[in-house]
Amino acid sequence: MTTNTSRELRALLDAAVDGIILIDHLGEIHSFNRAAERLFGYSSDEVLGRNVSILMTGEDEKEHDGYLARYTETRTPHIIGTGRDVMVRRKDGTQFPAHLSVGVIPGQEPPRFVGFIHDITHSRRIEAESHQLQDRLTHVSRLATVGEMASGIAHELNQPLAAMATYAHACDRLLALPDPDIEEVRSALKLIADQAVRAGDIIRRMRALARGEESARAPVNVNTLIEELATLINSDAKAHGVSCRQELAPDLPLVSANGAQIQQVVVNLVRNALEALAPERAATAGAEVVLATRRLPDGRVEISISDNGPGVPEALKDRIFDPFCTTKATGTGLGLAISRTIVASHEGTLDFEPNQPNGARFNLRLAPEPTDPA
């Protein structure tokens, strides 16, 4: 290679935005461009002749020379010819995320390799901020849903509270008798305790829905998740004057999910269905929402929410999951968009289809938990 060609090649390498490192089959660094110097804090003179593992962390640092040796012997690529995200180390010991692509320089024997390093710190930060924003938006949506359900929950709580007051007055009257029946008093006290547990259970489920604690995914039964929501959903349906029926298929496989998040999606979809039934239709016989589960032929588990309301307007069918698309005068148009995002994060699907003979049907589908072949 002529001197001019070498200078042109060096100028080309130094003009590159990404770090470019040339190494031999033993991992020894032979070229280190200016972008690499800026990324890692080393000057070229400090790294030439040293093993590239000084720039690596963790398992990559331990395994890199083995990868090169394996390729040199077998010509079978492991990390060669692929791009992947890794953590790399600067001269001062600090680490940063980078996208690494490694290629083989043709016509060289023993082989030589060139690595391209792109700093992805900024994109990782943007991604993390996006996740945080999505989490906040999901939490706000959850709180808004709970607030909208408050009137129905208040009505549901009023029943056990009224019963407790009635039984307490009965105890007071019984104890005022000259010869009180202690067994009857004990029975009334037990009824008070039962109603207190019922009221506490309603509050507990409401708080759990409002908090929606972020937790790692775990194998869950979707029927169990729905049954835990039954009291809240039924009280909300009563407040809307609508019948809510459950058709839960038995023996469903478990799915890997964050139960609180899936419950939030179900509640959002049920509330949409309840609100789709206009007051004048809800007041007539037959206004109904059906919450059903089943196992699909492909093995996935489906949760469907259908109603016999007016359905989705034709003009909105292709945009129903878009943010800010809504048919409600006071709606934000974020519920369905957030719900689909949650389902997508579970590698599932959420779609819409017209219900027959009228109304809307939303289908949430999740893959079953993999079974242990052993």
Flagged in region 43-56 as among the aliphatic types (A, V, I, L, M) and in a strand (DSSP E or B), in numbering order, are Met56
Taking first residues from region 293-316 that are charged (D, E, K, R) and surrounded by 13 or more Cβ atoms within 10 Å (Cβ to Cβ) and second residues anywhere that are modelled with pLDDT of 90 or more and assigned to a loop (DSSP other than H, G, I, E, B), the pairs with Cβ under 6 Å that are 6 or more apart or on different chains are Arg294/Ala249; Arg295/Leu252; Arg300/Ala367; Glu302/Leu296
Per the filter on region 197-226, residues modelled with pLDDT of 85 or more and surrounded by 14 or more Cβ atoms within 10 Å (Cβ to Cβ) are Val220, Asn221, Val222, Asn223, Leu225, Ile226
The condition of being part of a helix (DSSP H, G or I), buried (at least 20 other Cβ atoms within 10 Å of the Cβ), touching a helix residue (DSSP H, G or I) at 6+ places or on another chain (Cβ under 8 Å) and modelled with pLDDT of 85 or more holds, among Val270, Val289, only for Val270
Taking region 113-123 and keeping only residues that are out of contact with any Phe, Trp or Tyr (no Cβ under 9 Å at 6 or more places or on another chain) and surrounded by fewer than 17 Cβ atoms within 10 Å (Cβ to Cβ), one is left with Val114, His122, Ser123
In region 78-128, anything part of a loop (DSSP other than H, G, I, E, B) and under 28 Å from the mean Cα position of the chain (by Cα) is listed as Ile120
Residues in region 18-42 that are touching a strand residue (DSSP E or B) at 6+ places or on another chain (Cβ under 8 Å) and assigned to a loop (DSSP other than H, G, I, E, B) total 7
By residue number, the members of region 69-106 that are modelled with pLDDT of 70 or more and of a type in the set (A, V, I, L, M) are Val86, Met87, Val88, Ala98, Leu100, Val102, Val104, Ile105
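The values are calculated or read from the model by the stated rules, or taken from the named source; none is laboratory data. No experiment lies behind these values; they were computed from the predicted model shown. For neighbour counting, all protein chains shown are included, and Cβ atoms are generated from backbone atoms with ideal geometry for every residue, glycine included.
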